[in-house]
Structure formats: C-alpha cells, structure tokens
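Step one of this worksheet: look at the structure below.
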Amino acid sequence: MAERREGFTTRAVHAGETIDPETGAVATPIYQTSTFRQGNRGNYLYTRFSNPTIKVAEDKIASLEEGDAALITSSGMAAISASVMTFLNSGGRLVSITDLYGTTLKLFSQFLPGHGINVSLVDTTDFDQMREAVDKNTGVIFIETPTNPVLKLVDIEAVVELGRRHGATIIVDNTFATPYNQRPLELGADLVVHSATKYLNGFCDVVAGAVVGKRELVEKVRETASTLGSTLDPFAGYLLNRGLKTLGLRVERHNLTAMEVARFLEEHPKVLRVSYPGLPSHPQHQLARRQMRGFGGMLAFEVSGGLRGAGAVMDNLRTCIPAASLGGVESLISMPVTSSHKNVPREHLERAGITEGTLRLSLGIEDAADIIADLEQALSYAP
Ligand SMILES: Cc1ncc(COP(=O)(O)O)c(C=O)c1O
C-alpha cells in the first residue's frame, strides 16, 4: 500500500523534527554553537556550512514546497543572490521581469551587469517579450509571482516550458504566495526562493531567506552561500522553525481576510483601483485560479488624491501599522514610492503601474471587521 502523504499543516508541525531521545524535548533545541566536535553522527562541522537547528527548518520548508532539499540563508536577498550567481558566470545571461522587489531589481539592473552578466528585463505580463528574450545563452530565468507591490502574475508553466527548451534554470520567488497557496516546483520550476522574513516566519521578528528544489541544485547554491557567508544564526533559525509550524493556519486566515478587505475596498468611493488576484476584476484572475490554491494576504489599492491622499490614509490608521515589511500577524501598510520602491526610477514605476496614490496592504490575522473599520475611518481623510 502506498504510504499516506500527510497534510500541509501536519507537515508544518512535524516535518524535519526529531525528538532527542536523551531529553525528550518536544521543541527543537537551539544549537547555539559555531563548531562541532569531529566525528559526530550528523557530520556537522561548522555552522557556516550547516547547523542542526537550521536543518530542521530546512527540512520543513523542503517538505512544504515539495522540494527534495532546502537551504536557509541570512536574508531573502542572500537566497536570491546566491541562487542566481550559482547558475551565471561572467558573460552569462539572466532574463527576468520588470516588476520585481526593489532590491532584487537593483541586484539585476546594477550589480550583476557590473560583474559581466547580461540582464534582460521584460514586461511582466507580456509573455511574447519573454519568449523573444530567452535564448540558448540564457543561464537563468527569474520570476516573482504575484509581484511586489501591485500583484501582477506570471504564468509559471509557460515560463517552465520556455526555459526547458533553452536549458535555462528557472527560479521563482514565491514570497507573496507562500507554499500554502502556490507550489512552483510542482509546476516544473527548478528552484523556489523566499524572503523567509515574511510569511514563512510570520511574526516580524526574523530576517531570513530560503532556497528550495532538487537536492543537487540546492547543494550547489549552498556552496555559493557558504562561500559568500550568507549564514543564518541558530537562534533566528529556531524562531523561523517555530513560525513555520503555524504557516497553514496563518495563511488560511490571511487569504480570508484579504478577500473580504479587497471586496470592501473595491466598493469604496475613495478607492480608484484594487489589485488582488482573488477578485474577478484582476486582469489575470483566471491565471490566478489556475496556478494558485489561495489568493494570499497581500493587496494593493490606489487612493484618490495621489501622494496626499495615500499619506492621509497612512497617517490616520490605528490598527494597520505603517511599515515596510509584510507577511506577519500584524497588518502592515506601506507606500511603495516611499519605501520598497523608493529608489526605483520614475519611468520604471510608471511602467509597473505603481502610482503615488498606491498603497500596499499586508493583511495580518486580526479580525477582518476591525481592519475594515480602521480603513473606513482612515479613508475619510483622503480628498
Ligand atoms: C518578494 C520579495 N522577495 C525578496 C525580498 C527580500 O527579502 P529580505 O528582505 O528578507 O532580504 C523581499 C523583501 O521585501 C520581497 O518582498
């Protein structure tokens, strides 16, 4: 009889965990050590290479993303930079999209070209442009879906089919969706990367990253990351593992609240536009239904009155906290033009559809009615 596959939340709690026979401790201990006595059964050598506390979180993330292995890094940017640099040499070619998290965009448009890598950024929702850009010299195709901050989608299966034909390594940033809502490896992607700072940890108290996929590829990235020194501290690894245990519960709630809030905002007279993949008005709603199991806890909306209107809403919120990050139990709101996309050139912002009145909202796990009441009163200050 085939072995029964445990559910997502069961694996979030148990995957990677072993109970220490000596003490019976149910929670994974924090192995706050830089080095290990030689000859140990786990083959641990030095924490820059691997650490037992961090390994539990790695095994858990691998299970949740349906990968063979995972690597935890010191930040999402460490995960992204180590991944792309593993599969690109000077003279190599990276194809990606224009709607990327601000620092990823900086890495691709400034840092990598400075190291001899040819980078081509194509319109996020125009697949013909990607088809033209990818050629036999393309080492990596990197996509983010849904994108930060205005939640555009990229068709993962179409990118996989294109990348396969040209022998490129396909990397998907799955930070916004989480493995609860979307599993790119099941759709054929080679590697998934995360800012684990966000939903995977979920409590706004850790900065971390993750790379997941086939063991052979992940181990290559581990080699790069340990050479560059992008290692997470064991204590942060413990917090990440603790956060992961509630991932399914949290995301289920984020999904419900975001849908309710998106519907409320869509009807509000001072809201010009709402972008949420779960709304039938989202231009790629059908694609969202095809490649996502849930639509996530992130949405973007445009307030009347531009920068002044968006600023007035931000200043008057009481429950939602104005802050740059996302994916935590607290609802966080940000103005992309002054935070995540502060240094992004204006023409780029225009192309991406990020206006001065755009606000990005990360729905926490508070009661939806309280978030709606908070938005309602804050929106009364917009012109
Ligand atoms: C989609 C996405 N990818 C990557 C990152 C970078 O992650 P970190 O801040 O953990 O380095 C972020 C951060 O906001 C993000 O939103």
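The values are calculated or read from the model by the stated rules, or taken from the named source; none is laboratory data. Just so it is clear, the model here is predicted, and its values are computed rather than measured. Every residue, glycine among them, receives a Cβ derived from its backbone with ideal geometry; neighbour counts consider all protein chains shown.
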| note | If we keep only residues of segment 338-347 that are over 20 Å from the mean Cα position of the chain (by Cα) and either surrounded by 23 or more Cβ atoms within 10 Å (Cβ to Cβ) or within 16 Å of the ligand (Cβ to nearest atom) (or both), then the residue nearest to GLU252 (Cα to Cα) is THR338
| query | Which of the residues that make up segment 76-95 are β-branched (Val, Ile, Thr) and within 16 Å of the ligand (Cβ to nearest atom)? | reply | ILE80, VAL84
| said: Are there strands (runs of 3 or more DSSP E) fully within segment 256-337 with at least 3 residues that are more than 16 Å from the ligand (Cβ to nearest atom)? List them. | reply: 271-275, 298-303
| Answer from ALA225, ALA236 - the residue that is within 14 Å of the ligand (Cβ to nearest atom), out of contact with any helix residue (DSSP H, G or I) (no Cβ under 8 Å at 6 or more places or on another chain) and among the small types (Gly, Ala, Ser) | ALA236
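For (1) of a type in the set (Lys, Arg); (2) part of a loop (DSSP other than H, G, I, E, B), each residue gets a yes or a no:
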site	(1), (2)
MET130	no, no
LYS136	yes, yes
ILE141	no, no
ARG164	yes, no
ALA210	no, no
GLU216	no, no
GLU219	no, no
SER230	no, yes
| query | Within segment 157-167, is even one residue touching a Ser or Thr at 6+ places or on another chain (Cβ under 8 Å), within 13 Å of the ligand (Cβ to nearest atom) and at pLDDT 95 or above? | reply | no
| message | Quick check on segment 180-188. Is at least one of its residues within 16 Å of the ligand (Cβ to nearest atom), crowded, with 24+ Cβ neighbours inside 10 Å, of a type outside the set (Asp, Glu) and modelled with pLDDT of 95 or more? | response | yes
| query | For segment 232-255, how many residues meet the condition of being more than 19 Å from LEU363 (Cβ to Cβ) and assigned to a loop (DSSP other than H, G, I, E, B)? | reply | 3
| request: State yes or no: is SER195 at negative phi, modelled with pLDDT of 95 or more, surrounded by 24 or more Cβ atoms within 10 Å (Cβ to Cβ) and of a type outside the set (A, V, I, L, M)? | output: yes
| field | Unmet requirement for ILE321, which otherwise passes all of (1) surrounded by fewer than 20 Cβ atoms within 10 Å (Cβ to Cβ); (2) touching a Leu at 6+ places or on another chain (Cβ under 7 Å); (3) under 23 Å from ALA373 (Cβ atoms); (4) in contact (Cβ under 8 Å) with a residue 24 or more places away in the chain | value | (4)
